[in-house]
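The structure appears right after this line, and notes come after that.
The values are calculated or read from the model by the stated rules, or taken from the named source; none is laboratory data. Here the structure is a predicted model, which means the values were calculated and not measured. Positions of Cβ are generated from backbone atoms using ideal geometry, with glycine treated the same way; all protein chains shown enter the neighbour counts.
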Amino acid sequence: MTHNTFALKGTICFSTAPDTIQFHEDSWLVCENGKCAGIFSELPEKYSRIPCRDTNHCMIIPGLTDLHLHAPQYTYRGTGMDLELLEWLNTYTFPEESKYRDLTYAQPAYSIFVNDLKKSATTRASIFATVHVEATELLMDLLEDTGLKTFVGKVNMDRNGSVQLQEADAKASASDTRRWIRNIQGRYKNTKPILTPRFTPSCTDELMRELSCIQQEYHLPVQSHLSENPGEIAWVQELYPNTHFYGEAYDQFGLFGGDGCPTIMAHCVYSSDEEIALIKKRGVYIAHCPQSNTNIASGIAPVRRYLNEGLHIGLGSDIAGGSSLSILRAMSDAVQVSKLRWRLTDSTLRPLSLEEVFYMATLGGGSFFGKVGSFEEGYEFDAVILDDQNLPHPQKLSSRDRLERLIYLADDRNITGKYVAGQKLF
Ligand code: GUN
Ligand code: FE
């Protein structure tokens with residue numbers, strides 16, 4: 001047995017289905033060679049000599065996955081929250097992202113982001129960087145050192161940006177993308193590239209064709225934005241009058257899921273029946289970002305429908321549309337906005353349950369990374385220890401109550417341990 005074979009003791013919780021959380025009170029969770037190897041009320045004899053950590057009744061949950069966030073937006077999160085998407089992008093986002101041309105700016109800014117991500121309950125994330133190759137590599141270097149497992153995308157945008165933040169043309173954008181992919185080949189264990197056309201309005205047809213060639217050549221996954229905001233959707237319809245729905249603008253270039261092209265699309269607030277059918281057919285992952293959709297007035301995604309249809313769906317912080325990096329917070333936000341949607345716009349779509357948001361934050365999003373997001377045998381050992389001792393209560397609580405309270409009340413002080421693929425981060 002190798003050094004990443006050990007056991008943790010605590011109250012173990014994990015999803016086995018979208019509507020089911022299993023709880024094992026005061027039990028041992030064994031990690032063998034970086035994988036989950038079982039849950040036991042008494043540690044079996046064959047594990048009697050492995051290192052053990054008794055968390056003293058803490059809760060142990062699978063590491064959380066953030067399916068969508070923008071690293072360069074972290075340091076201005078919480079500003080410009082009175083604007084809508086397109087205005088917010090032009091006023092705050094593009095000027096801020098343009099600063100990452102300068103590594104002396106990027107270095108401290110990305111360090112702040114990476115340190116906070118490390119302390120959070122997130123173990124896996126799919127991250128947008130900026131258009132800049134050098135700063136993107138710097139971000140990847142910093143992330144690699146944390147032990148977190150991430151996808152990182154150098155952003156592509158060759159139109160509708162700003163003078164400071166836009167690539168010269170499709171050729172320049174594609175050649176920078178190729179240079180970036182070549183530079184990082186073989187450099188990382190934890191950090192992988194993902195193709196990142198910002199969104200349809202940012203990318204010319206020529207650039208999308210280039211990205212399609214790069215995708216096929218390197219077999220990279222793809223991430224982008226989809227059907228987030230009414231103004232954005234109307235703009236895409238103007239740009240592509242021949243398409244029936246926004247998703248077709250990606251699909252026509254082969255950048256919308258399907259075999260060999262795992263894809264995450266953030267938001268899907270206003271996806272039509274046809275778009276949902278294609279998302280399902282192509283196995284596209286939806287990143288539900290409830291706080292961002294509230295902050296920049298995008299709307300409320302019909303997540304109940306997506307779960308009913310069996311779509312792949314996880315949660316995203318969408319920093320800085322979302323101001324909180326916490327996926328615990330994203331879970332409570334997802335419940336809250338689903339209730340508002342149910343109450344105010346569609347009483348046929350029942351609000352989300354604790355079980356469902358916990359599933360999205362763990363297995364739902366984690367499966368984009370492989371066998372991730374569960375403690376069932378054979379899953380990669382991503383675990384977070386949550387200590388609720390500073391949240392006292394006179395009454396007896398069930399494990400489910402304790403988990404729910406932590407989701408609503410925890411901050412980084414409650415996160416007292418974290419493991420990724422069997423490696424201890426703290
Ligand atoms: N659409 C295109 N770019 C962005 C971005 O940076 N954030 C969000 N929320 N939506 C976008
Ligand atoms: Fe986003």
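Do we find a residue being more than 16 Å from ligand 1 (Cβ to nearest atom), among the hydrophobic types (A, V, I, L, M, F, W, C) and either within 20 Å of SER202 (Cα to Cα) or touching a residue at least 24 places away in the same chain (Cβ under 8 Å) (or both) anywhere in the stretch 77-93? Checked against the condition, which is being more than 16 Å from ligand 1 (Cβ to nearest atom), among the hydrophobic types (A, V, I, L, M, F, W, C) and either within 20 Å of SER202 (Cα to Cα) or touching a residue at least 24 places away in the same chain (Cβ under 8 Å) (or both), the stretch 77-93 yields no hits at all.
Out of PHE113, PHE94, report the one residue that is within 16 Å of ligand 2 (Cβ to nearest atom), modelled with pLDDT of 95 or more, in a helix (DSSP H, G or I) and over 19 Å from the mean Cα position of the chain (by Cα). Spell out how you get there, then give the answer.
Numbers: PHE113 fails: over 19 Å from the mean Cα position of the chain (by Cα).
None of the other options fit; the residue is PHE94.
Being in a loop (DSSP other than H, G, I, E, B), in contact with a strand residue (DSSP E or B) (Cβ under 8 Å, 6 or more places away or on another chain) and of a type in the set (Ser, Thr, Tyr), is that true of even one residue in the stretch 330-349? For the stretch 330-349, residues in a loop (DSSP other than H, G, I, E, B), in contact with a strand residue (DSSP E or B) (Cβ under 8 Å, 6 or more places away or on another chain) and of a type in the set (Ser, Thr, Tyr): absent. Against the conditions (1) part of a loop (DSSP other than H, G, I, E, B); (2) more than 18 Å from GLY322 (Cα to Cα), MET81 satisfies every one except (2). For SER224, are the conditions met, namely being under 22 Å from TYR285 (Cβ atoms), more than 21 Å from the chain's Cα centre (by Cα) and within 16 Å of ligand 2 (Cβ to nearest atom)? For SER224, the condition - under 22 Å from TYR285 (Cβ atoms), more than 21 Å from the chain's Cα centre (by Cα) and within 16 Å of ligand 2 (Cβ to nearest atom) - is not met.
Of all residues in the stretch 386-422, those being over 18 Å from VAL357 (Cβ atoms), surrounded by fewer than 18 Cβ atoms within 10 Å (Cβ to Cβ) and not charged (D, E, K, R) number 9.
Tell me, which residue of the stretch 221-249 that is touching a residue at least 24 places away in the same chain (Cβ under 8 Å) and out of contact with any helix residue (DSSP H, G or I) (no Cβ under 7 Å at 6 or more places or on another chain) is nearest to ligand 1 (Cβ to nearest atom)?
HIS225
Restricting ARG413, ARG400 to those that are free of Cβ contacts under 8 Å to residues at least 40 places away in the same chain, not in a loop (DSSP other than H, G, I, E, B) and not hydrophobic (A, V, I, L, M, F, W, C) reduces the list to ARG413.
In the set LEU352, LEU391, LEU344, LEU386, which member is closer than 28 Å to GLY257 by Cα and at pLDDT 95 or above?
Values: LEU391 fails: closer than 28 Å to GLY257 by Cα; LEU344 fails: closer than 28 Å to GLY257 by Cα; LEU386 fails: closer than 28 Å to GLY257 by Cα.
So the residue among LEU352, LEU391, LEU344, LEU386 that is closer than 28 Å to GLY257 by Cα and at pLDDT 95 or above is LEU352.
Looking at SER298, is it more than 23 Å from LEU207 (Cα to Cα) and assigned to a loop (DSSP other than H, G, I, E, B)? Answer is yes for this residue.
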